[in-house]
Amino acid sequence: MHMQRIETQRRRAYVVRLICAQLVVMLFGALLAYFAAQVSGVVSVITGALVALLPHAFFIQRLGIFRNTRRGSVAMDLFRAEAGKFGLTVALFALVFVVVPPSNPAFFFSAYVAIVLTHWLAPWLMPGKSHN
């Protein structure tokens, strides 16, 4: 039980660090976009970042990363969370391009890709591990 609680705390710390890193990437992108294209660029960056962040938040909630106990099959939970994340991503892309098309698609897609690729920082965000 104690090990399970430590693992939950470790996962929670990782998720918080990842979210902070993603927000820093979004703010940095918004700052660059502001100098390059003013407010329209910032709106495109924020929209692209939200299209990446919202499905990620859904995945974290659906997978139950913060829960201490596991219920059911871990593989099935992972599959369902990933399928929901993918469906939400597709729906958000469709919604953005139908309702509020980005004024600067380059900033929109750059922000989306940058937020998604922030996961590559994961080894450096994990506390107490050695990374080679």
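To the nearest 0.05, what FRET efficiency results for residue 5 and residue 95 with a Förster distance of 30 Å applied to their C-beta separation?
According to the calculation, E is roughly 0.15.
Report the extension gain between residue 120 and residue 24 in nm, rounded to one decimal, defined as 0.36 nm multiplied by the number of residues separating them, less their alpha carbon distance. Write down the numbers at each step before the final one.
Values: separation 96, 0.36 × 96 = 34.56 nm, distance 1.46 nm.
Roughly 33.1 nm would be gained on extension.
Sort 88-95, 104-111 for me by packing, meaning the mean count of neighbouring Cβ atoms within 10 Å per residue, highest on top.
Peptide ranking by packing, descending: 104-111, 88-95.
Each value in this text was obtained by applying a stated rule to the coordinates, not by laboratory testing. Note that the structure is predicted; figures quoted are calculated from it, not measured. Neighbour counts are summed over all protein chains in view; Cβ atoms, including those assigned to glycine, are modelled from backbone coordinates with ideal geometry.
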